[in-house]
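Peer 1: One structure coming up, written as structure tokens, with questions to follow.
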Amino acid sequence: MRKIALCLALFLSACGSSEVDDASAIIKQTLKKPESFTLKKGDVIWQGKLKSKQTAFIVKVKYTAMNGFNDVINECKYVSFYTEDGSNHWQENGGLENCIAAGGKEEENALVMLRKINSFN
């Protein structure tokens with residue numbers, strides 16, 4: 001039974017997006033209690049190239065975590081980062097932004113802003 005559970009866990013983890021995993025890891029770096037992070041949903045909402053040819057992403061991540069007061073928080077963040085030589089790079093100013101609750105055109109405008117702030121093409 002243990003082997004089946006382990007195989008199932010490995011299979012399910014392989015189904016996830018590595019960009020979502022990377023964005024989740026970036027968020028965890030900013031949390032008071034990173035071990036409390038639980039991914040609810042993650043989607044790559046933009047992918048492109050920088051002028052210097054690195055691949056860039058904007059990922060929308062919905063998650064729960066515990067804050068410094070041990071309260072559970074429900075959050076949604078846009079995580080903007082690029083990859084270079086197998087490493088992810090992001091900036092504190094513009095790399096993590098709160099999601100736009102309105103969606104639709106408002107979210108499209110937020111993506112334009114994030115691409116501009118992060119110098120993504």
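Peer 1: In nm, to one decimal, how far is the modelled label at Ile117 from the one at Lys33, with both set 7 Å along Cα→Cβ?
Peer 2: The answer from the label model is 2.7 nm.
Peer 1: Relative to the longest principal axis of the chain, what angle (0 to 90°, nearest 10) does the C-alpha long axis of helix 2-15 take?
Peer 2: Its long axis makes an angle of about 10 degrees.
Peer 1: Moving on. Counting only protein heavy atoms and a 1.4 Å probe, tell me what percentage of the chain's accessible area is made up of carbon and sulfur.
Peer 2: Numbers: 4220 of 7980 Å².
The nonpolar share, carbon plus sulfur, comes to 53 percent.
Peer 1: Now a separate question. What is the spin-label model distance, in nm, from Gln47 to His89 if the labels are put 7 Å beyond Cα along the C-beta direction?
Peer 2: The modelled label-to-label distance comes out at 2.0 nm.
Peer 1: Excluding same-chain residues fewer than 8 positions from Lys28, which aspartates and glutamates have a Cα within less than 19 Å of its Cα?
Peer 2: Glu19, Asp43, Asp71, Glu75, Glu92, Glu97
Peer 1: Here's something else I'd like to know. Using θ = phi - 60° and the Karplus form 6.51 cos²θ - 1.76 cosθ + 1.60, what ³J(HN,Hα) does each residue of region 94-102 get, whole Hz, x for Gly and Pro?
Peer 2: With coefficients 6.51, -1.76 and 1.60, one gets x, x, 10, 9, 5, 5, 8, 5, 5 Hz.
Peer 1: If you average the sequence gap of Cα pairs under 8 Å that are 6 or more apart and divide by the length of the chain, what percent do you get for the contact order?
Peer 2: 20 percent.
Peer 1: Can you sort Lys53, Lys33 by 1.4 Å-probe accessible area, starting with the largest? List each step's numbers first, then the result.
Peer 2: Numbers: Lys53 150, Lys33 50 Å².
Solvent-accessible surface, decreasing: Lys53, Lys33.
Peer 1: Could you grab the relative contact order for region 66-121? Cα pairs under 8 Å, six or more apart, rounded to a whole percent.
Peer 2: Value for region 66-121: 28 percent.
Peer 1: Please list the equivalent ellipsoid semi-axes of the chain, computed as the square roots of five times the alpha-carbon gyration tensor eigenvalues, in descending order and whole angstrom.
Peer 2: Gyration-tensor ellipsoid for the chain: 26, 19, 14 Å.
The values are calculated or read from the model by the stated rules, or taken from the named source; none is laboratory data. Because the structure is predicted, anything quoted here is derived from the model rather than measured. Glycine gets a Cβ as well: all are built from the backbone with ideal geometry, and neighbour counts include every protein chain shown. These accessible areas exclude ligands, DNA and RNA; they are computed on the full protein's heavy atoms, side chains included. Shrake-Rupley method; radii C 1.70, N 1.55, O 1.52, S 1.80 Å.
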